[in-house]
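The structure under discussion appears below in the form of structure tokens.
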Amino acid sequence: MEQTRHAPPMDPPTGPLMGQMMHQALTISSILQFAARHYAASEIVSRPVEPDLQRELHRYTYRDCERRARRLARALHDRGVAMGERVGTLAWNGYRHLELYYGVSGSGAVLHTINPRLHPEQIAYIVNHAQDQLLFFDLTFLPLVEAIAPHCATVRAFVLMSDRAHMPDGSAIPNLLCYEDLLAGATGDHDWPALDENAAASLCYTSGTTGNPKGVLYSHRSTVLHAYASALPNVLNVAAADTVLPVVPMFHVNAWGLPYSTLLSGAKLVFPGAALDGQSLYALFEAEGVTFSAGVPTVWLGLVNYVLENGLAFSTFRRTVIGGSACPPALMDTLIDRLGVQVIHGWGMTEMSPLGTTGGLLAKHRAQPREEQRAILRKQGHAIYGVDMKIVDDAGAELPWDGATSGHLLVKGPWIAARYFGDEGGDILQDGWFPTGDMATIDADGFMQVTDRSKDVIKSGGEWIGSIDLENIAMAHPAVLQAACIGVAHPKWDERPLLLVVRRPGMDVGRDELLGFFVGKVARFWMPDDVVFVEALPVGATGKVQKNRLRDAYREHRLPGT
């Protein structure tokens, strides 16, 4: 009988045992390839920006988008755009902009989305700082591009994102090309190139409220990981059964990653173009069966007011993420209680790609009373996988997670900036952590709540007063549409709170009545010292109230009793 032969014993490994799995680079083009192959018929619906085309929505599929994005990548190659070179966009949310998202990054170049709401001088500065080689723009921005083109030193050609019929008869823009002609002239098929997943994929600039805007350069890897994480159930919960309408602009931190996570999930995608008023959005929500959306509070205030003033309701819209600035509790309550829309509070920033936290309830919260649940939902939420965070004091010592102690919020993770483009600002990290500039608390369950921006905290008599809390209380008054709170100089207390308020149309409230509304809701020393009623609050390019402008305007405001 033959003896069983045993293999000789193996020597134990002397180093780490390596996994034996396939390697596939995490690239942006892989998302579009997946979507076109496995969700080929999923729709992309866009409202055109051309005035004569807005009666008919543009429709095509993921498969169509992938074909055209490949032609765009080929066109960039034919135009001599090299890997790593930047390609700028000034465009609304639409199908051509989506093609640029994938065609530019997929070609190996870097997509640079530019906020058209910035001052023209800032836009020209950003274009030159990024060294954009081509600049694509929507027809809406033709006058803007005509104004800045002479100041854009690095741009070799400008591309109007339309067809030949909508090209201007004459323009001072040098080397003006037509988008559809560019795609039609692309020669041959184009395969997506193999790219290093750590290569740069897209570039966004901060809003530049102080000093010049700074660039944040995202990699393919960081973008794909962010898309994976943001689609998770505890985050945005994007699924193939959803119809997603990003109200947040594609020029604002890549629309919070939705152009990536939506295609990753196979959902129908709806783009509103330039029409972001309440009436236009409501019509599009209803016509296309939108189930999920995302945007800043100012947009939702306009949409909600339109719906309520006209006695309307949403038939399919059931979930929204609100970020950019804190969602006023009154707006959250209205969306949930009166309109049946789940509100997901989100927090992040350009340097974070942008998502860092999202709100939601844990299983143990289900049995809690409504107000206790709302208190959880009003927080900015729980960290999503890939983001770690901590709060520290002025000396950098870590503070407890007790839900009460406020400190400087620091974060780290694989989609958080380690430096700015061009090394602007030098070393931006603090012992390996990114300082967000926010003041926050974190409770024992890990829920974070922003109490203020570091620069917006009101320092009164050695104590901190959070302006966000005071704004939220003011906006809970039925006659208040918007509110902002700033600190103004006080001879004794250093600073005291001043409340700037926009009344709701047709409603009235006076100073004394509004200040009385705060009684019993905050400590006595937190009470605003004065109220100024204004027609409107200054809003910046990303939809946030510009408190720096308010501080400048009311620097000499004399408080009662001083």
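The values are calculated or read from the model by the stated rules, or taken from the named source; none is laboratory data. Predicted, not measured: the structure shown is a model, and the values here were computed from it. When we count neighbours, we look across all protein chains shown, and the Cβ atoms used for this are built from the backbone with ideal geometry, even at glycine.
Here is how the numbers come out for the structure above:
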read-out: Residue in region 51-64 that is among the acidic types (D, E) and surrounded by 21 or more Cβ atoms within 10 Å (Cβ to Cβ) present; value: no
read-out: Sole exception among (1) out of contact with any strand residue (DSSP E or B) (no Cβ under 7 Å at 6 or more places or on another chain); (2) among the aliphatic types (A, V, I, L, M); (3) in contact (Cβ under 8 Å) with a residue 24 or more places away in the chain; (4) farther than 27 Å from A227 by Cα for A367, by number; value: (3)
read-out: Hits in region 337-359 (condition: small (G, A, S) and farther than 17 Å from A231 by Cβ); value: G340
read-out: Boolean, G273 is modelled with pLDDT of 95 or more, among the small types (G, A, S), surrounded by 20 or more Cβ atoms within 10 Å (Cβ to Cβ) and touching a Phe, Trp or Tyr at 6+ places or on another chain (Cβ under 8 Å); value: yes
read-out: Region 28-41, subset surrounded by fewer than 21 Cβ atoms within 10 Å (Cβ to Cβ) and either under 25 Å from the mean Cα position of the chain (by Cα) or in contact (Cβ under 8 Å) with a residue 60 or more places away in the chain (or both), residue nearest to L183 (Cα to Cα); value: Q33
read-out: Residues of region 406-427 satisfying the condition of being at pLDDT 95 or above and either assigned to a loop (DSSP other than H, G, I, E, B) or in the same structural domain as S230 (by TED's automatic domain parsing) (or both); value: G413, P414, W415, I416, A417, A418, R419, Y420
read-out: Lone unmet requirement of (1) crowded, with 16+ Cβ neighbours inside 10 Å; (2) within 29 Å of G302 (Cα to Cα) for E535; value: (1)
read-out: Looking only at region 538-560, and only at residues there that are without any contact (Cβ under 8 Å) to a residue 12 or more places away in the chain and in a loop (DSSP other than H, G, I, E, B), the one that is surrounded by the most Cβ atoms within 10 Å (Cβ to Cβ); value: R558
read-out: So D445, is it of a type in the set (D, E, K, R) and at pLDDT 95 or above; value: yes
read-out: Residues being surrounded by fewer than 24 Cβ atoms within 10 Å (Cβ to Cβ), assigned to a loop (DSSP other than H, G, I, E, B) and aromatic (F, W, Y) - total across region 71-100; value: 0
read-out: Which numbered condition D52 fails, given (1) more than 28 Å from T154 (Cβ to Cβ); (2) in contact (Cβ under 8 Å) with a residue 60 or more places away in the chain; value: (2)
read-out: Wholly within region 139-247, strands (runs of 3 or more DSSP E) carrying at least 2 residues that are modelled with pLDDT of 95 or more and surrounded by 20 or more Cβ atoms within 10 Å (Cβ to Cβ); value: 157-160, 200-205, 215-219, 243-246
read-out: Qualifying positions in region 248-261 - outside any helix (DSSP H, G or I) and within 15 Å of Y102 (Cα to Cα); value: M250, F251
read-out: Failed condition for L470, given (1) under 16 Å from N548 (Cβ atoms); (2) out of contact with any Lys or Arg (no Cβ under 9 Å at 6 or more places or on another chain); (3) not β-branched (V, I, T); value: (1)
read-out: Selection within region 506-533 - in contact with a His (Cβ under 9 Å, 6 or more places away or on another chain), under 12 Å from V480 (Cβ atoms) and not in a helix (DSSP H, G or I); value: V509, F517
read-out: Residue pairs meeting the criteria (Cβ under 7 Å; at least 6 apart or on separate chains; first β-branched (V, I, T), in region 416-440; second buried (at least 18 other Cβ atoms within 10 Å of the Cβ) and part of a strand (DSSP E or B)); value: I416/F434; I428/F434; T436/L409; T436/L410; T436/V411
read-out: Checklist (1) outside the structural domain of R86 (by TED's automatic domain parsing); (2) touching a strand residue (DSSP E or B) at 6+ places or on another chain (Cβ under 9 Å); (3) not basic (K, R) applied to A283, failing item; value: (2)
read-out: Test: residue in region 390-402 that is in contact (Cβ under 8 Å) with a residue 12 or more places away in the chain, among the aliphatic types (A, V, I, L, M) and in contact with a His (Cβ under 6 Å, 6 or more places away or on another chain); value: yes
read-out: Subset of region 312-358 that is more than 18 Å from the chain's Cα centre (by Cα) and more than 25 Å from A474 (Cα to Cα) - its residue that is surrounded by the most Cβ atoms within 10 Å (Cβ to Cβ); value: F317
